[in-house]
Amino acid sequence: MENINDLSSAFQDYLLDISKLNGEKKVVRSKDIAKIRKVKMPAVTIMLKKMEKAGLIAHESYGYVELTEKGRMIAEEIKKRHKVLYEFLRDILNLPEEIAEKDAHKIEHDLDEKAIRNISAFMEFVDLMEKQFHTRKCFCFSYFSENGDLPDEDVCKTHLLLRFRNENKD
């Protein structure tokens, strides 16, 4: 699969829209894409030709639009990127769902793959913290984001059950 960042955000958005429509309808037509994208048919036709040339879709004039295996794989990868970013913005940065959704969409197209992997690894870390210590409030960040100050050390110790560097190990 080529690098997602090599595809324009418009290509990525069209892939996602076609994938979404494919999940909702038996067949996807150009007019369905125009409707969901809120654009005129000539704009859709131009984009579909480019996407077909790139091997992302199969489409005949006035026919159905189908994602190729390559197009499907890229659409799934974009969905994963979006989910990771959305959860990071919502759960870690404590943004409201609607802002997290909008901002995740904005940055999912341009963020380097290494940054996505690191955010994903961090989210896995948060999940492990939740399972082990029954909290998602890493590093007392939630407290800080709500109060603009760090909580008392005792609060972090009791709520996170983490050792501080200066404590002796058992």
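The values are calculated or read from the model by the stated rules, or taken from the named source; none is laboratory data. Small disclaimer: the values here were computed from a predicted structure and weren't measured. FYI the Cβ positions are ideal-geometry reconstructions off the backbone, even for glycines, and counts take in every protein chain you see. Side chains are part of the model used for accessible areas, which takes the heavy atoms of the whole protein and leaves out ligands, DNA and RNA. Shrake-Rupley method; radii C 1.70, N 1.55, O 1.52, S 1.80 Å.
Restricting to the stretch 105-115, name every residue that is open to solvent by 30 Å² or more (accessible area, probe 1.4 Å), assigned to a helix (DSSP H, G or I) and either over 24 Å from F11 (Cα atoms) or of a type in the set (D, E, K, R) (or both). Can you show your working first?
First, the residues of the stretch 105-115 that are open to solvent by 30 Å² or more (accessible area, probe 1.4 Å): 105-107, 110-115.
If we keep only those that are assigned to a helix (DSSP H, G or I) as well, we get 105-107, 113-115.
K106, E113, K114 - these are the residues of the stretch 105-115 that are open to solvent by 30 Å² or more (accessible area, probe 1.4 Å), assigned to a helix (DSSP H, G or I) and either over 24 Å from F11 (Cα atoms) or of a type in the set (D, E, K, R) (or both).
Can you tell me which of V27, V84, V65 is in a helix (DSSP H, G or I) and open to solvent by less than 70 Å² (accessible area, probe 1.4 Å)?
Details: V27 fails: in a helix (DSSP H, G or I); V65 fails: in a helix (DSSP H, G or I).
Answer to the check: V84.
Rundown of residues vs (1) surrounded by 16 or more Cβ atoms within 10 Å (Cβ to Cβ); (2) charged (D, E, K, R), yes/no style:
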| residue | (1), (2) |
| --- | --- |
| K49 | no, yes |
| H59 | yes, no |
| G71 | yes, no |
| I78 | yes, no |
| R90 | yes, yes |
| L93 | no, no |
| P96 | no, no |
| D103 | yes, yes |
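Are any of the residues in the stretch 116-131 at pLDDT below 75, farther than 17 Å from N94 by Cα and open to solvent by 80 Å² or more (accessible area, probe 1.4 Å)?
no
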